[in-house]
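Visitor: Can you read through this structure? Questions will come right after.
The values are calculated or read from the model by the stated rules, or taken from the named source; none is laboratory data. Every value quoted in this text rests on a predicted model; they were computed, and no experiment measured them. Note that each Cβ is placed from the backbone with ideal geometry, even for glycine, and that neighbours are counted across all protein chains shown.
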Amino acid sequence: MKVGFIGLGNMGSGMAANLLKAGHEVTVYNRTPAKMQPLIDQGAHAADKIADACRGDVVITMLADDAAVEGTVFGDSGIFNSLGSNAIHVSCSTISVALSDRLTAAHAEAGQRFVSAPVFGRPEAAAAGKLAVAVAGPPQAVKTCEPLFQAIGQGTFHFGEKPSLANLVKLSGNFLISVVIESLAEAMALVAKGGLDQHQYLDFLTSTLFNAPVYKTYGGIIADKKFRPAGFAVPLGLKDNRLVLSAGEALRVPLPLASLIRDRFLALLARGDESVDWSAIAELAAADAGQSVQSKEAAAPGSVASTRR
């Protein structure tokens with residue numbers, strides 16, 4: 001399939017690479033051109049502008065926030081004005097429900113199709129093609145894109161014909177992850193203050209009632225205190241928190257834990273470091289418990305420390 005891919009950050013670069021490995025013809029575009037080179041070396045075509053990535057059957061966007069998506073879609077020579085009739089825009093970005101609804105209406109008016117396919121997983125999962133893909137959109141458009149979802153993920157989950165339903169799934173899922181991080185941080189601070197080894201405690205948790213990837217991944221990061229470099233930086237966590245609170249307000253659903261997590265993210269950012277992983281809210285729980293906090297740099301890929309789960 002002829003595919004354009006826009007947004008080659010921590011997640012997008014791995015996703016685009018897996019599309020190439022699956023045999024798709026991929027044209028890549030990134031605001032910072034240097035990020036395109038590794039994919040060009042793997043066989044991708046380079047797009048000089050957004051419009052050049054919109055010449056195929058499908059264009060995929062994997063961008064940071066609503067503003068980036070709006071600028072890419074509705075800006076001069078953007079996707080909206082460049083995508084062919086009946087072609088498909090697949091948004092894998094974590095965006096608001098409101099923007100997803102706006103994109104759905106705008107693409108339909110232009111004779112284009114819109115599919116929302118946000119993904120669950122950190123950069124290492126994106127590189128390994130092991131993302132979980134939440135999909136919603138017109139059935140025939142979704143079916144057309146199935147080979148692409150199979151290339152980037154280990155499972156595709158369908159949530160109906162209204163694209164923004166997939167965005168609601170993504171936002172609620174990220175909300176749950178943030179609550180897990182906060183609860184793990186508090187529990188780890190408690191047992192450490194009591195004299196237990198955090199790794200031993202984590203091994204027990206994840207071998208019994210909490211045998212789930214989110215506990216293994218974030219529990220390991222917290223126990224190792226390896227919040228840098230960020231797999232998902234705290235400003236992005238705050239952005240997603242803001243979006244889930246907005247969705248809750250629109251639907252009149254109170255989300256008291258989301259409000260608590262918002263304040264944790266703000267407290268972390270108030271310390272002046274925007275480069276840490278969102279799981280670094282564990283530093284706040286440790287500090288609240290009177291424990292000294294000293295985070296570590298993540299080990300190089302392939303080392304013993306970097307592969308600990």
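Visitor: Which condition breaks for Val26 when tested against (1) more than 27 Å from Val97 (Cβ to Cβ); (2) of a type in the set (Val, Ile, Thr); (3) out of contact with any His (no Cβ under 8 Å at 6 or more places or on another chain)?
Guide: Of everything listed in (1) more than 27 Å from Val97 (Cβ to Cβ); (2) of a type in the set (Val, Ile, Thr); (3) out of contact with any His (no Cβ under 8 Å at 6 or more places or on another chain), Val26 misses just condition (3).
Visitor: Given (1) closer than 22 Å to Leu165 by Cα; (2) in contact with a helix residue (DSSP H, G or I) (Cβ under 9 Å, 6 or more places away or on another chain); (3) part of a helix (DSSP H, G or I), identify the lone condition not met by Pro254.
Guide: (3)
Visitor: Against the definition (of a type in the set (D, E, K, R), in a helix (DSSP H, G or I) and farther than 16 Å from Ile177 by Cβ), how does Asp240 come out, yes or no? Walk me through it before giving the result.
Guide: Working: of a type in the set (D, E, K, R): yes; in a helix (DSSP H, G or I): yes; farther than 16 Å from Ile177 by Cβ: no.
When the stated conditions are applied, Asp240 does not pass them.
Visitor: Pull up the range 252-281, narrow it to residues that are small (Gly, Ala, Ser), touching a residue at least 24 places away in the same chain (Cβ under 8 Å) and surrounded by 13 or more Cβ atoms within 10 Å (Cβ to Cβ), then point me to the one that is farthest from Ile95 (Cα to Cα).
Guide: First pass over the range 252-281, keeping only residues small (Gly, Ala, Ser): 258-259, 267, 270, 272, 275, 279-280.
Filter again for touching a residue at least 24 places away in the same chain (Cβ under 8 Å), leaving 258, 275, 279-280.
Applying the additional criterion that residues be surrounded by 13 or more Cβ atoms within 10 Å (Cβ to Cβ) yields 258, 279-280.
Values: Ala258: 17, Ser279: 21, Ala280: 23 Å.
Here the residue is Ala280.
Visitor: Starting from the range 15-31, take each residue that is acidic (Asp, Glu) and list its partners that are surrounded by fewer than 21 Cβ atoms within 10 Å (Cβ to Cβ) and part of a helix (DSSP H, G or I), counting only C-beta distances under 9 angstrom and pairs at least six apart or across chains.
Guide: none
Visitor: Regarding Ile222, is this residue assigned to a helix (DSSP H, G or I) and either hydroxyl-bearing (Ser, Thr, Tyr) or touching a Leu at 6+ places or on another chain (Cβ under 7 Å) (or both)?
Guide: On the way: assigned to a helix (DSSP H, G or I): yes; either hydroxyl-bearing (Ser, Thr, Tyr) or touching a Leu at 6+ places or on another chain (Cβ under 7 Å) (or both): yes.
For Ile222, the condition - assigned to a helix (DSSP H, G or I) and either hydroxyl-bearing (Ser, Thr, Tyr) or touching a Leu at 6+ places or on another chain (Cβ under 7 Å) (or both) - is met.
Visitor: Pull up the range 72-93, narrow it to residues that are within 24 Å of the chain's Cα centre (by Cα) and surrounded by fewer than 18 Cβ atoms within 10 Å (Cβ to Cβ), then point me to the one that is modelled with the highest pLDDT.
Guide: Applying the filter and picking the extreme gives Phe74.
Visitor: Can I ask one more? State the number of residues belonging to the range 91-117 that are farther than 13 Å from Val135 by Cβ, in a loop (DSSP other than H, G, I, E, B) and out of contact with any Asp or Glu (no Cβ under 9 Å at 6 or more places or on another chain).
Guide: 3
Visitor: Right, here's the next one. Would you tally the residues in the range 94-107 being under 17 Å from the mean Cα position of the chain (by Cα) and closer than 19 Å to Leu148 by Cβ? Lay out the reasoning, then the answer.
Guide: In the first step, residues of the range 94-107 are kept if they are under 17 Å from the mean Cα position of the chain (by Cα); the result is 94-97, 99-100.
Filter once more, keeping what is closer than 19 Å to Leu148 by Cβ: 94-95, 100.
Looking only at that region, the number is 3.
Visitor: I'm checking my understanding of the structure. Among residues of the range 206-229 that are among the aliphatic types (A, V, I, L, M) and under 14 Å from Ser178 (Cβ atoms), which one is surrounded by the most Cβ atoms within 10 Å (Cβ to Cβ)?
Guide: Taking the range 206-229 as the starting set, the residues that turn out to be among the aliphatic types (A, V, I, L, M) are 209, 212, 214, 221-223.
Pick out the ones that are also under 14 Å from Ser178 (Cβ atoms) and you get 214, 221-222.
Working: Val214: 15, Ile221: 23, Ile222: 27.
Result: Ile222.
Visitor: Quick test of your reading of the structure: Gly153 fulfils all but one of (1) among the small types (Gly, Ala, Ser); (2) farther than 22 Å from Asp66 by Cβ; (3) assigned by TED's automatic domain parsing to the domain that holds Ala282; (4) buried (at least 23 other Cβ atoms within 10 Å of the Cβ). Name the failing condition by number.
Guide: Every listed condition holds for Gly153 apart from (3).
Visitor: Find the residue count for the range 167-207, including only residues that are free of Cβ contacts under 8 Å to residues at least 60 places away in the same chain and assigned to a helix (DSSP H, G or I). Break it down into steps so the answer makes sense when it comes.
Guide: Start the filter on the range 167-207 by keeping residues that are free of Cβ contacts under 8 Å to residues at least 60 places away in the same chain, which leaves 169, 173, 176-177, 180, 183, 187, 191, 194-207.
Now narrow it down to the ones that are assigned to a helix (DSSP H, G or I): 169, 173, 176-177, 180, 183, 187, 191, 198-207.
Here the count works out to 18.
Visitor: Pick out the one residue from Gly71, Gly56 that is over 20 Å from Gly121 (Cα atoms), in the same structural domain as Val97 (by TED's automatic domain parsing), assigned to a helix (DSSP H, G or I) and not acidic (Asp, Glu). Steps first, please.
Guide: Details: Gly56 fails: assigned to a helix (DSSP H, G or I).
Step by step, each of Gly71, Gly56 is checked, and only Gly71 is over 20 Å from Gly121 (Cα atoms), in the same structural domain as Val97 (by TED's automatic domain parsing), assigned to a helix (DSSP H, G or I) and not acidic (Asp, Glu).
Visitor: Mind counting the residues in the range 208-251 that are touching a residue at least 40 places away in the same chain (Cβ under 8 Å) and hydroxyl-bearing (Ser, Thr, Tyr)?
Guide: Residues that pass the stated criteria total 3.
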